[in-house]
Each structure stands twice: as structure tokens, then as C-alpha cells.
């Protein structure tokens, strides 16, 4: 739990405080003092000193008065007893343990960590760490690192699983003008992890008072369900979240014996989780800080961007980046454009990018911004690129930019590339409370992601719940009575039918006469498949286009002679475009649902889209549209289109199936055959793990 004493302590003790500011206990004390914490309520425990950094010390924790928050910077072996005394005798309700030497180091350290957590939980207190850099917000700076950013209620909330990385991300953001509301370095997350802090931010969120922008750096996601729930909730309330997930591995593909299993993995799960939550994913520190900077500007309502520049090259690169990111840099023309051009120097262009040349003035920049706001209604936002060759100061340009940004109805994003030539002017501009960007390509990539995500989230969260029904009782009956392993074909067929997924007429036969009788019933041509081996094609266990009784007899004998064969599955031979559906249980995430084209597209090209169950029709439709092979769904070169609505419905049905029956470890429906308006499951397998 997150206590009020962790957020706004009225008194703090640094256990292990020091005069040496090159040690954690010395630096954290200095940061607390330098950033304005009340020294009358700031205590230090150090048995060797009488006074540290101007504060009278206590020799032991027993000598302390009651204290809200303890920041501990002593050897791990001494911390358990220290925490016990503070919790039991001093009513301390919040602990930040900077020390290392716990579960990250040894078994003995893990035992110490557990003892501390047990004490903290018993007394309904909060614990950050151990093995962290600390916590800071606009109430106190309880970290042993630098830099300490500007801390304001309307800054960025930042939660990090890595202390060093938190420092590096802040170092990337601070020069851009990024301010922070809070920074949590959770270290080993012994009690409180990233997900728990996000939960607290969600439960205490107040529109207009709470920080809108949340940044996450995750090295593990121990509670994906909690992360999903509270990220979605915060975004629905108006917050914006971006995250890095580092340390992805192939562990999620363990024990995979199907296409779905081989395609699934922890990084795929993270991607699906972030999409479902509405989180913008970043892949590096600079990108995360840039996304945060975009978040700190007013929200862009559309995809049409005007680029205003006095340098051609950066504008071209930004145009390419925005276009590749799915945004538009539309032409600007007509009488209003002609009037604007008259106010600029000869050789300027207003076509978009609007290039007012290296000699362009502050006054001309003002005219351009006014025209974009007042005369070009199809433009949604502006990116202004302005640097300097170093011949003269450009304070006047940045003053105009500042004034226009204060009052512009359309968002303006300043890209200031001359970080050396006009370093002082940029610092002057940022000092007025702005966030700026220094690289047009990094900005364009981050900006595109943010705009597309905001538009997508609107549809995601407004999507109504679907009225698709499945026979839950029938599904549960089959699964409850099944053992671990692959279900027999007749049970697979029954589950698909109970889920509302169309299947072909089929029968598993165990004698040659049964095979001949069923062939007579359904007619030729037909398909025969061995039952037993998992990978039928690999053992020659699939026979297509069987056209007569003699072939049925011969192939029955051959198939039954295959190792592990228990029967032969017979189906009518139908044709159509091959599709693929699958699902796999992924650790604590629930089930990943995958969809795509079948055949070579899934086996070789791995062209699949992934979603996290349960899925809405909107999410299912988006999965289809995100396929590289989507043009085939629309119909190309005379081929008939695929019924996308039907396929989306089947994706939703499959997601409901694995939600109702979480014991389904993995399953494939491959292929489904699409013909006309119909889509039919031809082959499927379901593996149960209870």
C-alpha cells in the first residue's frame, strides 16, 4: 500500500546520513536540504558524528522521536532491526531503502528482504526498494543521485524499475524543459512495484490537479493485469502514458508445439498489453523523453501538420518521418497562401513545408503562425524548425514563438536544432516554461506515435461491448472432463461449434469399412488426416483430393501405419483462401490471440496480428487491418474479398473461448477456408494444461 507518509512526510530520518556527499547517505541528505525540506523535521542517525550537514545527529534509531518516513542507507545486515524498531516504536509508515545486498545478490539477502516486507506489511506501511535511488516529488527530494529536476505538481510522473536508467532518462528530458511531479525508483520492488505505484496514481487521480503525463520504465511486469487495469483507467480519465519495457526474452515460447506457441513470446505479450491499455511504447531513453515532451503540449486533434522552417533539409527529413508515420503534410494553396507569400522574402515557399529562408525574421514567423491559425482550416498543428548559423542572436524569434504558443488555438511544437550556436537563447526560451525538441527525426517518430495512439485510443475506449454469445456450459463440460494434452478431434470440433465457429462435417474412423461408409455419405473429393501425431504434414499424415474407394482403402492402411496413429480424420475437400487463428496462454498475461493468413503466411512469413483476450470487434478488426497481407482481404487481381466482419467475429469468439476456458494452453485453427461470405474451420487442435 502507498501511505500518505510516503507521498507527503511531515518528518524524515536519514539512517546512515553522512557529511560525505559522495556517499548515498550524504547525498540524499544534501538533496533533501537543498530542495527545501523543513530541517526542523529532518533527522539523521549516525553513531560516529554529533552533527551532519548542520543537523544534530541521533546515535541510534531508539533515540528518535516519532518519524513519518525513514530513508535507509546502511549495510543490508543492519536494516531488518532498524525497520523493526522504527515501525514498532516510532510509528514510521514509509520506508525507502537505498542499500543493496538483498534478493538481487544472494539467498541470504532475499531472506532479509522478506523479513523487512513482513514487518512493513504488519504495520500497514509503505516500502520502496531496497536497492533503489529513492523517491522525489514536489514535497521532498529523497534520492541520492543528481540531477534533481524541477519538481512541480504539473510535471511528469515517472516510475522506474532501474535507478540508473531513471537518472539517464531524466538527463535526457531536463535539457528539453521537461519537469517532473514525482520520480519513483522501485528497485527490487519487494513490496511496491511499478504496477502498485500506478494503481495509487489511478486511485488518487483528480482532473486538473494530478499530473497528466506518466512515464514507465519496466524491466519486468509481475502484475500485467494490474498494469492493464490502471493504465486503461488513467487514460480514460485523461492521462497519457508512455513506457519502455526492457529485458524481453524468448522464455515465453517454451514448450511450444504449435504455430501459435512458436509465434508467441514475452515481447509479443508486452506489445499486446500496451495496445490494449492504450500505452505508447518507446524503445529508448531519448524516445521516451521526446514522447513525454509531446505529451506536455496541447493534444493534436487530427493528422494534418504544417511544417514551418527556415532550413530546407530538416523540413524534408521531418516531412518524410511524419509521412512514414501515417501523418499528413498537406499542400497549402489558394488566395490566403498567396497573401502570406507576399509577406515573406522572395524565394520563400508556402506550399508546406512553409520555408521562409535562412534570412527569415521573427515578424515573418509571426505572420506564418497567424495565417496557419486563421486561414488554413485543414491544418491541425504546427512544427516550427528554427536554428541559427551563429551570425546573430535569435532572442526575438524565440520571443515571438513564446508569445504565439501562449495563445495559439492550434498546438505548436518547437524544434530548435542549434544547441551550440544559440544555446543561451534556447535556455532562455525553455526558462519561460516550454518543452522543446532538438532533432526533427526523433521528434517526428515520437510525434507520429503519440498522435496515432490518441486517435486509436478514442476508438478503443468508445468501442461497445460485443453481443457475441458462446455456449459456456458446453465448453466447460468438455474441458472439465478432459485430461492434459491435446483433445481428440471430436472434442475439438465440439468446442469450436460451442464457440460459434463454423466447421466442416468430419468423422474420425478407426476401421477401413467406417472410412468407406463415411466417404459414401459425404461424397468425393475428400481429405484424410492421421490422428495422433501432432505435426501431421511432417509425417506424411495428410492426403488431399481423394477421389475413389480404392484410394480411401490404400491411404487408410498407410496412415494407420504411421507411428502413434490412433485413427483417421475424414472431411470433404473444400477450397478457399487459407486463414489462421490461434491462442496461447502467456504467463500472467492471460491469453494471446493471433490471427492472419494461413499457409506460408503464418509458417514462413509469420504475418500475424496479436491481441490480448478478451477482444472487442474493434480490436479484432484492427488486428486484421494491421496484417501485411491485408490487401488480400480486400481482394486483389480478381480474387474475391474475404469476409472481414465474419473473421473479426471469429477472433472475438476465440478470445471468449479462452477466457471461459483458461485451461486451454494453446490452440490452432489452421486453416480456416474463406470462400464467398463463408469462413469454415478445416483443421484445429487444442492443448489443455490444468
Quiz item: If you take the Cα Rg of segment 149-296 and divide it by 2.2 N^0.38 Å, with N the number of residues, what do you get?
Solution: 1.06
Exercise. Starting from 0 in steps of 20 Å, tell me what percent of the Cα-Cα pairs of the chain lands in each bin.
Key: 16, 37, 31, 15, 2, 0
Practice problem: Using label points projected 7 Å from each Cα along Cα→Cβ, tell me how many nm separate residue 575 and residue 423, to one decimal. | Solution: 7.2 nm
Quiz prompt | Angle in degrees between helix 163-173 and the longest Cα principal axis of the chain, rounded to the nearest 10 | solution = 70 degrees
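Find how much the distance from residue 461 to residue 323 grows on full extension, using 0.36 nm per residue of separation minus their present alpha carbon separation; answer in nm with one decimal. Walk me through the numbers before you get to the answer.
Working: separation 138, 0.36 × 138 = 49.68 nm, distance 2.61 nm.
Length difference between fully extended and current span is 47.1 nm.
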Practice problem: In vacuum, with every alpha carbon of segment 1-131 counted as one equal point scatterer, what does the Debye formula give for log10 I(q)/I(0) at q = 0.12, 0.13, 0.14 Å⁻¹? Two decimals, please. | Solution: -0.40, -0.48, -0.56
Practice problem: Take each of the peptides 168-178, 322-332, 593-603, average the number of other beta-carbon atoms within 10 Å over its residues, and list them starting from the highest. | Solution: 593-603, 168-178, 322-332
Quiz item: Highest mean first, what order results for 51-61, 484-494 on Cβ atoms within 10 Å?
Solution: 484-494, 51-61
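Please give the per residue volume of the convex hull enclosing the alpha carbon atoms of segment 379-437, rounded to a whole number of Å³. Can you show the working numbers first?
Numbers: hull volume 4.4 nm³, N = 59.
Hull volume normalised by residue count: 74 Å³.
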Exercise. Return, ordered by residue number, the residues of segment 349-375 whose backbone nitrogen is under 20 Å from a label point located 7 Å along Cα→Cβ of residue 396.
Key: 355-371
Quiz prompt | Nearest 10 degrees, 0 to 90: helix 107-122 Cα axis against the chain principal axis | solution = 80 degrees
Self-check item: Percentage, to the nearest whole number, of Cα pairs in segment 517-580 over 17 Å apart
Solution: 39 percent
Quiz item: Tell me, what is the FRET efficiency for residue 468 and residue 56 to the nearest 0.05, using R0 = 56 angstrom and their Cβ-Cβ distance as r?
Solution: 0.20
Exercise. With no solvent and one equal point scatterer per Cα, compute the Debye intensity ratio I(q)/I(0) for segment 436-484 at 0.19, 0.26, 0.32 Å⁻¹ and report its log10, rounded to two decimals.
Key: -0.76, -0.93, -1.08
Quiz item: In a solvent-free Debye calculation with one equal scatterer on each Cα, what is log10 I(q)/I(0) for segment 264-388 at q = 0.15, 0.17, 0.18 Å⁻¹, listed in the order of the q values?
Solution: -0.76, -0.92, -1.00
Quiz item: If r is the Cβ-Cβ distance from residue 19 to residue 606 and R0 is 41 Å, what FRET efficiency results, to the nearest 0.05?
Solution: 0.10
Quiz item: Just for the chain, what percent of DSSP beta bridges are antiparallel, to the closest 5?
Solution: 50 percent
Quiz item: Once you wrap a convex hull around the alpha carbon atoms of segment 499-549, what is its projected area averaged over all directions, in nm²?
Solution: 4.5 nm²
Quiz prompt | Normalised contact order of the chain, rounded percent, pairs of Cα under 8 Å and 6 or more residues apart | solution = 9 percent
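Above 12 Å lies some portion of the pair distances; for segment 13-56, what is it as a whole percent of all C-alpha pairs? Before the final figure, lay out each step's value.
Values: 486 of 946 pairs.
Percent of Cα pairs beyond 12 Å in segment 13-56: 51.
Compute the FRET efficiency between residue 207 and residue 339 as 1/(1 + (r/R0)^6), taking r as their Cβ-Cβ distance and R0 = 41 Å, and round to the nearest 0.05.
Numbers: r = 41 Å, r/R0 = 1.00.
Plugging the Cβ-Cβ distance into 1/(1 + (r/R0)^6) gives 0.50.
Given Cα pairs under 8 Å that are at least 6 residues apart, what percent is the relative contact order of segment 281-350? Before the final figure, lay out the partial values.
Numbers: 31 pairs, mean separation 15.9, N = 70.
Averaging sequence separation for qualifying contacts and normalising by length gives 23 percent for segment 281-350.
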Exercise. Using label points projected 7 Å from each Cα along Cα→Cβ, tell me how many nm separate residue 33 and residue 689, to one decimal.
Key: 5.6 nm
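To the nearest 500 deg cm²/dmol, what mean residue ellipticity at 222 nm is calculated for the chain from DSSP H runs of n ≥ 4 alone, each contributing -39,500 (n - 2.57), summed and divided by the residues? Don't skip to the end; give the middle numbers.
Numbers: 24 runs with 260 residues, N = 690.
Computed mean residue ellipticity for the chain: -11500 deg cm²/dmol.
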Exercise. Using only the alpha carbon atoms of segment 599-690, find the Kirkwood hydrodynamic radius as the inverse mean reciprocal pair distance, in angstroms to one decimal.
Key: 14.1 Å
Quiz item: Helix 312-324 sits at what angle to the longest principal axis of the chain, using alpha carbons and giving 0 to 90 degrees rounded to 10?
Solution: 40 degrees
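Every read-out reported here was derived from the displayed coordinates using simple, explicitly stated rules and does not represent laboratory data. Since the structure is predicted, the reported quantities are computational estimates derived from the model, not experimental observations. Neighbour counts are summed over all protein chains in view; Cβ atoms, including those assigned to glycine, are modelled from backbone coordinates with ideal geometry.
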